[in-house]
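Everything on this sheet refers to the single structure shown next.
The values are calculated or read from the model by the stated rules, or taken from the named source; none is laboratory data. The model shown is predicted, which means the values in this text are computed figures rather than measured ones. Ideal geometry is used to build each Cβ from the backbone, glycine not excepted, and the neighbour counts take in all protein chains shown. Heavy atoms of the whole protein, side chains included, go into the accessibility calculation; ligands, DNA and RNA do not. Shrake-Rupley method; radii C 1.70, N 1.55, O 1.52, S 1.80 Å.
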Amino acid sequence: MSNKSIYNQNQLRDYSSLFSRSVAELWMKSNFDLIDYKIERYDVKWQNSTNATYLDYLKYVYQILEKNYQNEYIFKNSFLNDWLISEIGHNNTKVFNEFRVGNAVADLVMFNGKSKVFEIKTEFDSAKRLNLQIENYSKAFNQTFLIVPESKLSVYSKFDKSIGLISFNNNEKAERFTLQRDAITNEEVDSETIMKVLHTNEYKSIVKSIYGELPIMTSFNQYNICNELIKKIPNNELNKKFIEKMKSRYLENVLSSRYYKEFNQISLALKLNKKDREIMIKNLKSPIKN
């Protein structure tokens, strides 16, 4: 019998809420009320058969979701584990979660020698806003990739041909992510869009590095003055400076492909440093209340 016949969609959706940002923030305070509620509702029998911790239970739920309910958390976490972590470890790379670009928020972005953006479309998502998202991403990033279920490839392959396509399947015996079409590198970035991404100290630093000094300006006009100066920077140089600034942002990517990999996406979303992640895992190792 397939595992899919064991769980209904409402239960799986309910399970998936355990991996939301707001719930994970409670773990940092050793507040496991929502986990206790799920156990009481669905898994008393499982609890009675084990001497388990909250960490054990979350791993148990994660395995169920991974096989039966590829929502955005599972999709994104799997992509981090299977694909991006190797880049982070070997290539002086920085990864950001939920990154605002113009009128869109990208699921994952990565900066190394290039800037790359990854937009995830699960079985539960529509393509309604995709053209707008792609338009915004192409103004700031060198490469844009869509990550989609294999079953949706024919739908998404019809969009902008310069966009890369990565397919996902949950076949445990095969590579789960496959590059179906590489992205064409976009060399033209838009200075106005990049200005809106940069922090004040970042765009001022770029102006100073290019022009040797900052012009006389106040906090009221510095954005407009720097904006005009940044427009004049050659495109390839601006792209390079943009990537440098993003890589210099303080963000500790404390991800692991070996230990507690179920929680990599949570670590990224909450911007946990090494100490924070250790505290979260330590708290989750608490025995489940009877």
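List the aspartates and glutamates whose alpha-carbon lies under 13 Å from that of LYS245, not counting same-chain residues fewer than 8 positions away?
Partners found: GLU202, GLU237.
Distance check, please: which entries in LYS114/LYS208; LYS94/LYS231; LYS139/LYS161; LYS247/LYS285 exceed 28 angstrom between their Cα atoms? Don't skip to the end; give the middle numbers.
Details: LYS114/LYS208 23 Å; LYS94/LYS231 26 Å; LYS139/LYS161 16 Å; LYS247/LYS285 33 Å.
In this structure, LYS247/LYS285 exceed 28 Å between Cα atoms.
Roll a 1.4 angstrom probe over the protein heavy atoms and tell me the percent of accessible area of segment 1-115 that is carbon or sulfur. Working shown, then result.
Working: 2480 of 5550 Å².
Within segment 1-115, the accessible surface is 45 percent carbon and sulfur.
In the full protein assembly as shown, how much of ARG13 is accessible to a 1.4 Å probe, in Å² to the nearest 10?
Approximately 120 Å² of ARG13 is accessible to the 1.4 Å probe.
Apply the Karplus parameterisation 6.51 cos²θ - 1.76 cosθ + 1.60, with θ equal to phi minus 60°, to every residue of segment 277-289 and state each ³J(HN,Hα) to the nearest whole Hz, in sequence, with x for glycine and proline.
Whole-Hz 3J(HN,Hα) from phi for segment 277-289: 5, 5, 5, 4, 5, 4, 4, 5, 7, 5, x, 5, 5.
Roll a 1.4 Å probe over the protein chains and send me the accessible area per residue for segment 29-168 in Å². Show your work: numbers first, answer last.
On the way: 6000 Å² over 140 residues.
Here the residues of segment 29-168 average 43 Å² of exposed surface.
At 1.4 Å probe size, put TRP27, TRP46 in order of accessible surface, largest to smallest.
Numbers: TRP27 0, TRP46 45 Å².
Putting TRP27, TRP46 in descending order of accessible area: TRP46, TRP27.
What shape does the chain have by the C-alpha gyration tensor, where a ≥ b ≥ c are the square roots of the eigenvalues, rounded means a/c under 1.5, and otherwise prolate means a/b greater than b/c and oblate the rest?
On the way: a/c = 2.59, a/b = 1.67, b/c = 1.55.
Since a/c reaches 1.5 and a/b is larger than b/c, the shape of the chain is classed as prolate.
So which aspartates and glutamates pass the test for LYS67, namely a Cα distance under 13 Å, with those fewer than 8 places away in the same chain ruled out?
GLU172
Please give, to one decimal in nm, the separation of the simple spin-label points placed at HIS199 and LYS232, each 7 Å out from Cα toward the Cβ.
Once both label points are built, they end up 2.8 nm from each other.
With all protein chains present, calculate the accessible area of LEU255 using a 1.4 Å probe and round the result to the nearest 10 Å².
Rounded to the nearest 10, the figure is 40 Å².
Considering only protein heavy atoms, what is the solvent-accessible area of TYR203 at a probe of 1.4 Å, reported in Å² to the nearest 10?
10
How much length would be gained if the chain were fully extended between LYS240 and ARG13, taking 0.36 nm per residue of separation minus their Cα-Cα distance, in nm to one decimal?
Numbers: separation 227, 0.36 × 227 = 81.72 nm, distance 4.20 nm.
Stretched out fully, the LYS240 to ARG13 stretch lengthens by 77.5 nm.
Accessible area per residue, 1.4 Å probe, Å², for segment 184-265: what's the number?
Values: 4830 Å² over 82 residues.
Accessible area per residue: 59 Å².
Go through segment 208-284 and name the GluC sites (Glu not before Pro) that are in a DSSP coil and have 15 or fewer other Cβ atoms within 10 Å of their Cβ.
GLU213, GLU252
With each label point set 7 Å from Cα along the Cα-Cβ vector, what nm distance links ASN51 and MET217?
The modelled label-to-label distance comes out at 6.5 nm.
From the square roots a ≥ b ≥ c of the eigenvalues of the alpha-carbon gyration tensor of segment 137-177, which class results: rounded (a/c under 1.5), prolate (a/b over b/c), or oblate? Mind dumping the intermediate values first?
Values: a/c = 3.88, a/b = 1.86, b/c = 2.09.
Note, shape of segment 137-177 comes out oblate.
Which one of ASN236, ASN142, ASN264 has the biggest mean-square fluctuation once the chain is modelled by GNM with Cα springs under 10 Å?
Highest fluctuation among the options: ASN236.
Could you give each residue of segment 260-267 its phi-based ³J(HN,Hα) in whole Hz, using Karplus coefficients 6.51, -1.76, 1.60 with θ = phi - 60°, and x for Gly or Pro?
Result, ordered by residue: 6, 5, 5, 10, 5, 5, 4, 4 Hz.
Suppose each label sits 7 Å from its Cα in the direction of the beta carbon; what would the VAL23-THR178 distance come out to in nanometres?
Taking the two extended label points, one gets 3.2 nm.
Within straight cross-link reach of LYS196, meaning Cα distance under 17 Å, which aspartates and glutamates are found once same-chain residues fewer than 8 apart are removed?
Of all the aspartates and glutamates, those that pass the test against LYS196 - Cα under 17 Å, at least 8 places apart if same chain - are GLU98, GLU135, GLU188, GLU228, GLU244.
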